[in-house]
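A short write-up of the structure that comes next.
Derivation of every value follows stated rules applied to the coordinates shown; laboratory data play no part. Quantities reported herein were computed from a predicted structural model and do not represent experimental measurements. Note that we place each Cβ from the backbone using ideal geometry, even for glycine, and neighbour counts take in every protein chain shown.
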Amino acid sequence: MSRFAGTTILLRSYLRRDRWMLLGWIAANVAVYWSQAVGTRSIYPNQADLDRAAASMESNPAFVALAGPTRALDTIGGQVAWQSSVTGAVLAALMSMFLVTRHTRAEEESGRDELVRSSVVGRDASVLATVVLVILANAVLAAGITLSLVGYDLEWAGCLALGLSAGLCGLVFGAVALVAAQVVTSARAANGVAGTAIGIAYVLRAIGDVGPGALTWLSPIGWSQGVRAFAGERWWPLALLAGVAVVLTVTALELLHRRDFGSGPWPARPGPARGALHSELGLVWRLQRGAVIGWCVGLFVGGIAYGSVGDGVEDLLGDSETSRDIFLAGGGGTDLVDSFYGVAIVMLALIACGFTVTSVLRMRGEEVDGHAELLLATAVSRRRWSWAHLTVTIGGSAAGLVLGGLGLGVGYAIVTGDAGAVLRYVPAAAQQVLSVLAVGAIAWFGYGLSSRFGVPGWLAVAFCFVVLMFATVLQMPEWMQDVSPFHRLPLLPAESFDLAAAVGVGVVVVLLAIAGDQLLRRRDLSHQ
Amino acid sequence: MTAPIRIQGLRKLFGSFAALDGLDLEVASGEVHGFLGPNGAGKSTTIRVLLGLLRSDGGAIELLGGDPWTDAARLHRRLAYVPGDVSLWPSLSGGEVIDLLGRLRGGLDERRRADLVDRFELDPTKKCRTYSKGNRQKVALVAALASDVELLMLDEPTSGLDPLMEAVFTDCVDEFRGEGHSVLLSSHILAEVERLCDRVSIIRAGRTVESGTLADLRHLTRTSVTAELEQVPDLSGLTGIHEPEIEGQQVRFQVDTDHLGAAIEALSRGGIRSLTSTPPTLEELFLRHYGDWLEDEP
């Protein structure tokens, strides 16, 4: 059909362009599952250990809110499924989202798509090639997860259920991104819309799993866990995921056919004839305000979701020695509620790194797009330009974290009536501003070295995430865990504030900031 | 008054590739200086070094009496730049970008801004994502021309403009020079160069190959002469004559411009009935220099 002419060639070019990116995403996601299979076996060598762990975790709302409903936790398979399926589903969703926007709206925005479409390429070829690419990526992911687990003496059905549920969850959010790419006119905005959808799906399932179960059924992540891998699999939620992915894809095609190339469904509205922007900081704020507000709202809502778990943690964990040990591993505190929320705040802070790193790397986008060149040809120095970006990054990160802590305190206070929680959790969140900025400083240092280096910041986020979630399972040595600023700083409010640690992290941030600044001042600016 | 731009022996390496390899350029005060050369010759790289975006790897470079790398921001108050490929913030309107760039440069002349928006027929309320290439260029041109500066650096500024707008641009540059200011104009549009430039520099593979007024450069090339004579004299003794063709009473040849006088003298001895002498066009000038470049290539 002529509508799809050229699809194969496009698909091959996508695979070629994305090969490393695909490899990275898929390998990281498979590693999440595989490391659980390896790790669980070594922490719980015999059934008695597993039984004890299961008893301490089952029906615990705090854990359930983080990782989903507990099923068959007294088996290795059940543990693997429970520990990895939310992370795996979210990673698959993010991978698919980035793949889709990269080949649809981003190409259209840059004008490259126009060139491609002028050749013998059908109107829907790039969309079809993108859809096939996302299906392939998620199929390989599903196969990778399945095969990596089968080797560990786990039943085929459960392994397959885990693999398929992650892959199909990826497809759904790929389709969400495909719809978003038709509605909004920039790739950045499309990522914002689809990313918000992923966040909402996570929160809906967290609340639904703890409280009103109907909410879980509004979330694709909830459906993917509804497969009940290793706990008497039921397969129909997979059909639900596939069905929604198909419906969304058809909707996206329909929207694509109704709009003009380069625009959204509605004509662009005119802007002001005169400008109110007076400074580079004003410009950066204007460019970033949508992202800052979006992340702040997201972190606040996420905080409320965690906070509303309340003091259920205490009730369920109070009498179990093993669970105390697990939960307080590395912490050393005594108050279970406080250490639970300490971990929750670290989790929120790691999520906030998403803003911090993208915000730092916005400079890179501005440089490569040629916008920086225009500004730097005026009386704005590189230092003033970059500090305008860093100011928004620092301010946005701090605001997001404090709001996250505030949400957590408010949510907890509403459920328990303990208003003092706000005073405990806001400072705990504020402390993590340092850690988040440390991660941002690594991104900034990488950018200072070269506009090609966007990866260091994301690697730092991934490392800190691994330390938080998998350090015990991977039996990471303490010094290695301490490389993560989130681990180096005490787990407030369960532990007491450690001035030396805070100053240490602060010094690293300042040194990296100075180094990045010096590097940027000395290097050539790249362009298109 | 010192020259606003003075470059001697500029070198710029990208890895092991020498993008600029001993480039010389001098723009005098109050002149429009054409900056010509084939694609990839190093014109944009030179301009980006002048803007302090790239660091030079050797040679002397002076911009408005300062160092373009260390004094970048201070010097930029006194100049404006229009890139060849204008990329604007998609979510801002054209008017917002003009005002922002003007303010960051140290202020806009309000009256001139309004006048330029009008003359370039720019709709400043449109979002930049909806502008065509030509309209994006207009935004950058209005922002540059409405600023109170003494030097303009224009990198193929009219490549997306229609002929009417190009005429407006030419007028604007003329007016700017009329105020005693200087312009560095990189361009491939020869009519524009011929119309605007007081002097030109031609570069090739990162090196300056010619520099001077158009009249100077014409001297370096050949004039075509066609004459009808009563009796064709012997032309073989003349130097600087190329491709002579004799057809009955009619003579056609090309002559090195330096030897034109001697050639005409020789013709007049044969009794001239009619004579046309065509000076070299800028195209020919160009092709000669660009052509050599092709011949140099293996």
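Between B:Glu110 and A:Thr472, take the C-beta separation as r, use R0 = 60 Å, and let me know the FRET efficiency to the nearest 0.05. With R0 = 60 Å, the Cβ-Cβ based efficiency is 0.35.
Hey, fewest Cβ within 10 Å first, where do B:Asp155, B:Asp234 land in order? If you can, show how the numbers build up before the last one.
Numbers: B:Asp155 22, B:Asp234 9.
If I rank by nearby Cβ atoms, fewest first, I get B:Asp234, B:Asp155.
Label-to-label distance for A:Ala276 and B:Asn39 is 4.4 nm, based on points extended 7 Å past Cα in the beta-carbon direction.
As a rough guide to protection, the peptides B:106-117, A:392-403, B:239-250 ranked by mean Cβ packing within 10 Å, highest first, stand as A:392-403, B:106-117, B:239-250.
With neighbours defined as other Cβ atoms within 10 Å of a residue's Cβ, the residues B:Ser132, A:Ser56, B:Ser224 order from fewest to most as B:Ser132, B:Ser224, A:Ser56.
Taking the Cα centre of the range B:140-298 as origin, sum charge times position over the Cβ atoms of Lys and Arg (+1) and Asp and Glu (-1), and report the length of that vector in debye to the nearest 20. All intermediate terms of the calculation are to be shown ahead of the outcome.
Values: 11 positive and 30 negative charges, 87 e Å.
Its charge dipole is roughly 420 debye.
A Förster radius of 45 Å, combined with the Cβ-Cβ distance separating B:His259 from B:Asp57, puts the computed FRET efficiency at roughly 0.60. In loop segments of the range A:421-522 as defined by DSSP, the chymotrypsin sites (Phe, Trp or Tyr not before Pro) with at most 14 further C-beta atoms inside 10 Å of their C-beta are A:Phe497. The protection proxy used here, the mean number of other Cβ atoms lying within 10 Å of each residue, ranks peptides B:51-57, B:260-266 as follows, highest first: B:51-57, B:260-266.
Other residues within the sphere of radius under 13 Å centred on the Cβ of B:Gly237, judged by their own Cβ, net out at -1 (K and R +1, D and E -1).
Which net charge results for the neighbourhood of B:Gly37, defined as the other residues with beta-carbon distances under 9 angstrom from its beta-carbon, given Lys and Arg at +1 and Asp and Glu at -1? Please list the in-between numbers first.
Working: positive: B:Lys43, B:Arg204; negative: none.
Computed value for this residue: +2.
Scanning chain B for long hydrophobic helices, with DSSP H runs required to stretch 20 angstrom or more by C-alpha along their axis and to average at least -1.0 on the Kyte-Doolittle scale, returns B:163-178, B:282-296. Put a dot 7 Å past the Cα of A:Arg258, heading toward its Cβ, do the same for B:Arg129, and the two dots end up 1.9 nm apart. Screening chain A for DSSP H helices whose Cα atoms reach 18 Å or more along their own axis and whose mean Kyte hydropathy is at least 1.6 gives A:125-150, A:156-183, A:455-474, A:499-522.
By how many nm would the segment from B:Asp24 to B:Ser277 grow when fully extended, if each residue of separation counts as 0.36 nm and the alpha-carbon distance is taken off?
Numbers: separation 253, 0.36 × 253 = 91.08 nm, distance 3.36 nm.
Taking B:Asp24 through B:Ser277 to full extension adds about 87.7 nm, to one decimal.
Packing order of peptides B:133-143, A:230-240, A:91-101, B:35-45, highest average first: A:91-101, B:133-143, B:35-45, A:230-240 (average count of other Cβ atoms within 10 Å over each peptide's residues).
Set the Förster distance to 30 Å, then compute FRET efficiency between B:Ala167 and A:Arg112 from the Cβ-Cβ distance, nearest 0.05.
Values: r = 33 Å, r/R0 = 1.10.
Efficiency computed from Cβ-Cβ geometry: 0.35.
Taking each residue in A:275-281, count the Cβ atoms of any other chain within 10 Å of its Cβ, then average. What number comes out? Walk me through the intermediate numbers first.
On the way: counts 13, 3, 9, 4, 3, 2, 0.
That average works out to 5.
Here each label is just a point 7 Å from Cα along the line to Cβ, and for B:Ser159 and B:Ser16 those points are 2.9 nm apart.
In terms of its C-alpha gyration tensor, the range B:47-87 comes out oblate, because a/c is 1.5 or above while a/b does not outweigh b/c.
Each Lys and Arg contributes +1 and each Asp and Glu -1, all at the Cβ; summed about the Cα centre of chain B, the dipole is approximately 1280 debye.
Quick check: residue separation of B:His188 and B:His219 times 0.36 nm, minus the Cα distance between them. What number comes out in nm? Write out the running numbers ahead of the final one.
Details: separation 31, 0.36 × 31 = 11.16 nm, distance 2.12 nm.
Extra length available between B:His188 and B:His219 comes to 9.0 nm.
On average, how much area does the Cα convex hull of the protein assembly as shown cover when viewed from any direction, in nm²? Write down the numbers at each step before the final one.
Numbers: hull surface 171.6 nm².
So the mean shadow area of the Cα hull is 42.9 nm².
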